[in-house]
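Encoded as structure tokens, the structure appears first; notes follow it.
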Number of protein chains: 2
Amino acid sequence: MPASVINPPRRLLFGPGPTMVDPRVYEVMRLPVVGHLDPYFFEVVEGVRTGLRTAFGTRNEFTLAMSGTGSAGMQAAVANFVEAGSKMLVLVNGFFGERIAEMGRRQGAEVVRLEKAWGVATVEEEAAEWIRRERPSVVAYVQAETSTGVFQSGEQLCAAAHEAGALVIADCVTSLGAMPVRVDETGIDVAYSCTQKGLSCPPGLAPITVSPRAMEWLKARKSTPAEWYLDLQLLTNYFEGARRYHHTAPVSLFYGLRQGLAVIEEEGIARRWERHRRSHEAFVRAVEAMGLRLLAAPEDRIWNLNTPCVPKGVDELKVRKRMLALADIDIAGGLGPLAGKVFRVGIMGPLATADHVAALVETFEQALVEEGFEPAGSGVQAVREGLLTAV
Amino acid sequence: MPASVINPPRRLLFGPGPTMVDPRVYEVMRLPVVGHLDPYFFEVVEGVRTGLRTAFGTRNEFTLAMSGTGSAGMQAAVANFVEAGSKMLVLVNGFFGERIAEMGRRQGAEVVRLEKAWGVATVEEEAAEWIRRERPSVVAYVQAETSTGVFQSGEQLCAAAHEAGALVIADCVTSLGAMPVRVDETGIDVAYSCTQKGLSCPPGLAPITVSPRAMEWLKARKSTPAEWYLDLQLLTNYFEGARRYHHTAPVSLFYGLRQGLAVIEEEGIARRWERHRRSHEAFVRAVEAMGLRLLAAPEDRIWNLNTPCVPKGVDELKVRKRMLALADIDIAGGLGPLAGKVFRVGIMGPLATADHVAALVETFEQALVEEGFEPAGSGVQAVREGLLTAV
């Protein structure tokens, strides 16, 4: 019998995702698969739905995990709620805003964009005014833009959209599990996410939640979506009441997500969010002590995804390779117009602790120095000087 | 720290899928995730692509596993290769033929159906004649129809389709890994499958292979597919040369599939197919000895999915529940018009051995007898009388 042909390198995943998986999640990934219509599977599904409601901050009945990655979540949101010929407004200030707009275009919608520079949040009043003027059917925005580190609160734009009779889609791929998503409080109609970032599970499922008013809209929708695999009405018949066969769900990933949500429940979601906020603040103070600038303004920062700008004269790829060589620490570079200009540093899940942030800062500083950067002050010292006592 | 909340029942999965997973596959499911752009991940992907080519029987460069289940494979095939307004012929004689036709309809194609009773293979000459007459852009058929147990060879219809300039899509969800799929020999342009049947892995990935002529067609396609998540040209840029980020692939499932393909390679694919054929024949002789009829004609039977008809006066659901209670053996019932009329018995992967077939037959016979069936002869005896010595 062949030994395992899988022998992955051990890395500390401090990138935007996939991030570190809780060991208790890995343990359940190898438990025996049951049938996709087995009562035990639906027990697991119910646990997933309940846990996701807590993480999303919603009471939406329609809350589940779809059998695809976070991008399948985006596809599902757009394919179900954007009709050909309808008017869709998209806030575009990063890679994933661009992607939503592209998906809307593919559905045949009239896509209107409100563009901002990558790294700059949209002023809510401006978005609200624009929505009142444009009167769209759907508004889409990215709550936590992984490509820039910018968080968009969404409250005023949601209110304006609802006044205009429009649905709101929010990309919560990076925020879910690591910071408050507040679906109901914000007024988001359709929120989707992934499992491999704030939820500390392997990638492969796309959590989604849909408000009752959006479900009503969907039931009244006259055209059939071209999308069959992610058709939410068909998925309702599978995952909710009727349990009618639709597809063979990836049972092992559901085991993992259920276990990951149990780990979160044990810690308490509010405590978990707070742990991420403190880790973020410790990291920010350390890099600012070194004299690095962060791309996102202080009031717009995602807690679990930091985007320090690459200092002048430093080759970001070399810094990242150095970090891998020094301590098996994997961070990411920028995408699109930010390639070579920012680092993307994810501090989430099992890594959002004082010790791990300290180790990260130490390696980051060392790699920067080795690549020619002269720090204004010591990041390591900033961390040591008690900044982390609060973490 | 919470103990595992996942404690699945142990069942012998003799249904159509998910089926038993090789223990060596489970072991790698819990290994540490690496990034979706990590060189190690692409090493795993290359191994998957090579192994899938062997299982599919193809030299197609474009061969990969998509990040969704078998139904996502169907969605990908139809969304990429069926344009709005084009003419699509579908052979419909079971649940999955119906599903392909529905997906074609959703893409806005003119769908023309060649219907046969569920359980009856289409005569290849008739299909070929029909294709020559209709002159479609695409022909789709199900090679191994899981709902009926019928195998469709496809050779003559593929030849006719190519003469007419049409592409051929074949659903190989149930056949891949358990019996020869022969993509190149048959002339199939687009074949897709799943991981949880003949490949003995957990569900969650959709193997797909595309012929060079179909890839050329795709590159020349003028309309952009509405489908973004499963857009094959975008996936090429991710999984092949450019390795450009598209989505975050479910790394753990790729580990599992890579390991599952290594297990298959070790046994040898031809030997594996033969093991499935012999297990199938042993089961068929045993159920025929009992006096049960099989739905599919002898020359049209899928090796790894058997459909014995429910004998008159017997409640199939009760038989299945009895089998679960007696020996934790899980078999399935019929779908649609075959609900209550057939059992669906999958004998695949680790269960396609003499011992497991004997145990299955024993339990099946006992459950049938307890539910009032009077066998013509003993299935257990038929198995014992040396039918299995060849397995």
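Tabulated data for the structure shown
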| item | result |
| --- | --- |
| Out of A:Glu145, A:Glu124, sole residue that is of a type in the set (D, E, K, R) and within 28 Å of B:Arg244 (Cα to Cα) | A:Glu145 |
| The one condition in (1) over 21 Å from the mean Cα position of the chain (by Cα); (2) outside the structural domain of B:Ala359 (by TED's automatic domain parsing) that B:Arg258 fails to fulfil | (1) |
| Hey, A:Val369 under 30 Å from A:Arg99 (Cβ atoms) and modelled with pLDDT of 95 or more or not | no |
| Out of B:Asn93, B:Asn80, sole residue that is among the polar types (S, T, N, Q) and either out of contact with any Pro (no Cβ under 6 Å at 6 or more places or on another chain) or not assigned by TED's automatic domain parsing to the domain that holds B:Pro202 (or both) | B:Asn93 |
| Selection count, the stretch A:295-326, where residues are surrounded by 14 or more Cβ atoms within 10 Å (Cβ to Cβ) and in contact with a strand residue (DSSP E or B) (Cβ under 7 Å, 6 or more places away or on another chain) | 16 |
| Filter result (closer than 18 Å to B:Ala262 by Cβ and in contact with a Leu (Cβ under 7 Å, 6 or more places away or on another chain)) within the stretch B:173-192 | B:Leu176, B:Gly177 |
| Single condition A:Gln152 does not satisfy, out of (1) within 15 Å of A:Val190 (Cβ to Cβ); (2) within 16 Å of the chain's Cα centre (by Cα) | (1) |
| Hits in the stretch A:126-135 - residues which are surrounded by fewer than 22 Cβ atoms within 10 Å (Cβ to Cβ) and either in a helix (DSSP H, G or I) or touching a Phe, Trp or Tyr at 6+ places or on another chain (Cβ under 8 Å) (or both) | A:Glu126, A:Ala128, A:Glu129, A:Trp130, A:Arg132, A:Arg133, A:Glu134 |
| Only listed residue being at pLDDT 95 or above, at the interface with chain A (Cβ under 7 Å from one of its Cβ atoms) and within 17 Å of the chain's Cα centre (by Cα), chosen from B:Gly73, B:Gly68 | B:Gly68 |
| Hits in the stretch B:326-356 - residues which are more than 18 Å from the chain's Cα centre (by Cα) and either more than 14 Å from every other protein chain (Cβ to nearest Cβ) or polar (S, T, N, Q) (or both) | B:Leu326, B:Ala327, B:Pro337, B:Gly340, B:Lys341, B:Val342, B:Thr353, B:Ala354, B:Asp355, B:His356 |
| Per-region count, the stretch B:106-125, residues surrounded by fewer than 20 Cβ atoms within 10 Å (Cβ to Cβ) and more than 17 Å from B:Glu145 (Cβ to Cβ) | 4 |
| Cβ pairs under 7 Å, 6+ apart, first in the stretch A:258-272 and within 11 Å of A:Leu199 (Cα to Cα), second part of a helix (DSSP H, G or I) and of a type in the set (Lys, Arg) | A:Gln259/A:Arg24; A:Val263/A:Arg24; A:Ile264/A:Arg272 |
| Conditions (1) more than 9 Å from chain B (Cβ to nearest Cβ); (2) modelled with pLDDT of 95 or more; number of the one not met by A:Asp22 | (2) |
| Which listed residue is surrounded by fewer than 23 Cβ atoms within 10 Å (Cβ to Cβ) and under 28 Å from B:Val33 (Cβ atoms), from A:Pro180, A:Pro202 | A:Pro180 |
| Test: residue in the stretch B:114-125 that is farther than 27 Å from B:Gly198 by Cα and of a type outside the set (Asp, Glu) | yes |
| Failed condition for A:Gly291, given (1) more than 26 Å from B:Tyr229 (Cβ to Cβ); (2) within 14 Å of chain B (Cβ to nearest Cβ) | (2) |
| Given (1) closer than 17 Å to B:His280 by Cα; (2) more than 18 Å from the chain's Cα centre (by Cα); (3) crowded, with 24+ Cβ neighbours inside 10 Å, index of the condition B:Ala359 fails | (3) |
| Count of the stretch A:99-118 residues which are assigned to a loop (DSSP other than H, G, I, E, B) and hydrophobic (A, V, I, L, M, F, W, C) | 3 |
| Looking only at the stretch A:42-59, and only at residues there that are farther than 15 Å from A:Cys194 by Cα and buried (at least 21 other Cβ atoms within 10 Å of the Cβ), the one that is nearest to the other protein chains (Cβ to nearest Cβ) | A:Val44 |
| Selection status of B:Val319, away from chain A (no Cβ under 14 Å), closer than 13 Å to B:Leu292 by Cα and at pLDDT 95 or above | no |
| Any hit, the stretch A:7-19, residues being facing chain B (nearest Cβ under 9 Å), under 27 Å from B:Leu230 (Cβ atoms), within 24 Å of the chain's Cα centre (by Cα) and among the polar types (S, T, N, Q) | yes |
| Residue selected from the stretch A:83-99 under the condition hydrophobic (A, V, I, L, M, F, W, C) and facing chain B (nearest Cβ under 10 Å), by the criterion surrounded by the fewest Cβ atoms within 10 Å (Cβ to Cβ) | A:Ala84 |
| Some residue of the stretch A:299-307 being part of a loop (DSSP other than H, G, I, E, B), polar (S, T, N, Q) and in contact with a helix residue (DSSP H, G or I) (Cβ under 7 Å, 6 or more places away or on another chain) | yes |
| For B:Phe343: the one exception among (1) touching a Gly at 6+ places or on another chain (Cβ under 6 Å); (2) part of a strand (DSSP E or B) | (1) |
| Hits in the stretch A:239-279 (condition: surrounded by fewer than 20 Cβ atoms within 10 Å (Cβ to Cβ), part of a helix (DSSP H, G or I) and within 14 Å of chain B (Cβ to nearest Cβ)) | A:Glu265, A:Glu266, A:Glu267 |
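The values are calculated or read from the model by the stated rules, or taken from the named source; none is laboratory data. Quick caveat: nothing in here was measured; it's all calculated off a predicted structure. Cβ: placed from backbone, ideal geometry, glycine included. Neighbour counts: every protein chain shown.
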